[in-house]
Amino acid sequence: MLKIREYVKAESLEQAYALNQKNGCILGGMLWLKMGNRTVQTAIDLSGLGLDEITETEEEFSIGCMTTLRRLELHEGLNRFGGGAFRESVRTIVGVQFRNLATVGGSIFGRYGFSDVLTCFLAFDSYVELYKGGVMPLEEFAASKRDKDILVRLIVKKTPVRCVYLSHRNTKTDFPVLTCAVSAGPWGVRAVVGARPQRAVCVPVKGVDALGAAVCQNTDAAEVNAVNTVNTAQIEAAARETADKIPTSGNMRAGAAYRSHLAHVLIRRALTRIWEEEKGEKEEAEGRKGGWQA
Amino acid sequence: MKLQMELNGKKITEEISPDLLLLDLVRSHGCYSVKRGCETSNCGLCTVMLDGKPVLSCSVLAARASGHRVETLEGLEEEAKEFGTFIANQGAEQCGFCNPGMIMNAIALFREYPDPTEEEIREYLAGNLCRCSGYEGQLRGMLNFLAYKKEKQTEGGAV
C-alpha cells in the first residue's frame with residue numbers, strides 16, 4: 001500500500017528539485033508507484049507546471065514530462081512523423097482511462113523493463129532534458145542509474161526516419177512479453193528490443209544499410225536505388241544476427257528461448273515492413289514522375 | 001490538507017489526507033456507482049471523468065483532483081439514461097457489476113467518436129473488464145444503440 005505523508009503541488013521546477021533531494025518522490029501518472037508497498041515522505045506533483053503539452057517546431061517535437069500516453073497516441077504531427085509508431089506503442093497499454101493518467105515522463109524516468117514507451121522513443125533521434133543534467137541522448141539516459149534529477153521533457157528530432165513498432169502480449173492490455181521497434185535513418189538501421197524482460201537495448205542491424213540511405217532520401221540515385229538490392233534473404237539473415245546479440249531471460253510471462261525467438265520474428269517483420277513501405281513509396285514517386293513526363 | 005473541487009456540479013471543500021484516493025473521496029460523497037474492483041488500474045470499474053476525460057479513480061490522488069471537475073455516473077444520469085436503458089433492454093450484460101464503469105467509458109467514447117467503428121469501440125473499451133458477458137453482448141448492444149441513434153436522427157431530419 002502506498003502511504004504519503006505530505007503532498008506538494010510544485011510551483012516551480014526549482015522547488016520540486018529541492019524537495020526531491022530530501023526524501024521526496026516525483027509523481028508521474030502514479031500508476032506503478034501505487035502498486036508498491038511504500039511510504040513517501042513528500043509526494044511532489046508537477047501537474048501544475050504546464051509540462052503536459054507536445055509542441056512542434058521545424059526541427060523537433062518537445063514532449064513535456066507530464067504529457068499523458070493518450071495525448072501521445074492522439075498527436076497528429078508526432079504520429080505522422082513517426083509513421084504511427086507512437087500510437088502503436090501505447091494503444092494496447094491497458095485502456096483509455098489508464099492512458100489518460102500514465103505520463104511519458106514517468107515511463108521514461110522509471111526506465112522500466114516492460115516499457116513500450118521507452119522502446120519506441122529509443123528508435124528515434126531522441127533526447128531527454130533533465131533539470132540539472134541538461135540535454136542528453138535518450139540511449140545514454142536509459143543506460144544510466146536513477147538519480148534525484150527531474151526529467152523535464154523529451155525531445156524527438158525530426159531526423160528522417162522510418163520506424164515500425166511491434167509488440168507481443170499473451171493477452172490484450174497485459175504487460176508485453178517483448179517489445180520491438182526497428183528504425184531506418186541516417187544511422188543505418190537499428191533495432192530496439194525491450195521487455196526482455198530487462199529494459200530496452202539498442203542494437204545496430206547489419207547488412208541492410210540500404211534501407212537507412214533510402215529513408216534519408218539521399219540525392220545519390222545509386223544509394224536510393226539500393227533499396228531494390230535488399231531481398232528477403234538479407235532481411236532474414238540480418239534479423240537472425242541482430243536477435244542473437246540481444247540477451248533475454250525468463251519470467252512468468254515467457255522463457256528466454258521463446259523471447260529470443262520472438263525477437264527474431266518481430267525484427268524480421270519490422271524490417272520487411274520498412275522495406276516494403278520504402279519500395280512502395282519509391283514506386284509511387286516514380287509513377288508520379290512518369291505521369292508528368294507523359 | 002485542504003481540497004476544493006467540483007463533484008457532479010457541486011463545489012466541495014474539505015480536509016483530506018495526502019494519500020486519499022479519488023475513488024474513496026467520491027464514494028464518501030455518496031457516489032456508489034464508482035466501485036473498487038481490481039485496484040491494480042486494470043478493470044475500469046472505478047472510471048470517473050476528470051475534466052471531461054475518463055480516468056481510473058483508484059489511481060488518482062484526491063489531492064491531484066483539487067481545483068478540477070470530477071463527474072461520476074450519478075452526475076451524468078441524463079446523458080447515461082438512454083444508453084443504459086437500451087443496453088439493459090438488449091440484455092447485453094449479465095450481472096451488471098461492470099456496468100457503471102462501462103457506461104462512463106462508453107459516454108467518453110461517444111463524445112470523442114460520435115460514430116465509432118467496431119474496432120474503435122473494441123479498442124476504446126479494452127480497459128473495462130467484464131467477467132461474465134465475454135464482451136459480445138455489450139458490443140452488439142452498442143452497435144445496435146448506434147444504429148438506433150442514426151435511425152432516430154434520420155427520422156428527425158425527415159420531419
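A few remarks follow.
- Order of A:C180, A:C202, B:C132 under a 10 Å beta carbon neighbour criterion, fewest first: B:C132, A:C202, A:C180
- Our compactness index for region B:2-74, the C-alpha radius of gyration over the empirical 2.2 N^0.38 Å, is 0.97.
- Taking all Cα-Cα distances within the protein assembly as shown, those exceeding 30 Å account for 51%.
- Calculated FRET efficiency for the pair B:R122/B:E151, C-beta based, R₀ 25 Å, to 0.05: 0.65
- Sites matching GluC sites (Glu not before Pro) across region A:3-102 that sit in DSSP coil, with at most 16 neighbouring C-beta atoms within 10 Å: A:E11, A:E53, A:E58, A:E59
- Once the Cα atoms are used to define both axes, helix B:77-89 deviates from the longest principal axis of chain B by about 50 degrees.
- Taking other Cβ atoms within 10 Å as a rough exposure proxy, A:T248, A:T242, A:T272, B:T117 sort from fewest to most as B:T117, A:T272, A:T248, A:T242.
- With contacts taken as Cα pairs under 8 Å at a separation of at least 6 residues, region B:76-154 carries a relative contact order of 42 percent.
- Shielding by partners for peptide B:16-22, expressed as the average number of C-beta atoms from other protein chains within 10 Å of each residue's C-beta, is 4.
- Equivalent ellipsoid semi-axes, region A:238-277, via Cα gyration tensor eigenvalues times 5, rooted, Å: 22, 11, 5
- Helix A:256-293 axis, angle to chain A major axis (alpha carbon atoms, nearest 10°): 60 degrees
- Computed [θ] at 222 nm, deg cm²/dmol, chain A (DSSP H ≥ 4; -39,500 (n - 2.57); rounded to nearest 500): -11000 deg cm²/dmol
- Length-normalised contact order of chain A in % [C-alpha pairs under 8 Å, at least 6 apart]: 13 percent
- Computed magnitude of the charge dipole of chain B (debye, nearest 20; Cβ of K, R +1, Cβ of D, E -1): 260 debye
- Residues A:D209, A:D147, ranked from the fewest to the most other C-beta atoms within 10 Å, line up as A:D147, A:D209.
- Principal axis analysis of the Cα atoms in region A:2-45 yields extents of 28, 18, 13 Å, listed in decreasing size.
- Degrees between helix B:136-158 axis and first principal axis of chain B (Cα, 0 to 90, nearest 10): 70 degrees
- Å³ per residue enclosed by the Cα convex hull of chain B: 112 Å³
- Shape analysis of region A:162-293 yields a ratio of the Cα radius of gyration to the Kirkwood radius, Rg/Rh, of 1.06.
We did not get these values from a lab; they are worked out from the coordinates using the rules stated. This is a predicted model, so every value here is computed, not measured. As a convention, Cβ positions derive from the backbone with ideal geometry for all residues, glycine included, and neighbour counts pool all protein chains shown.
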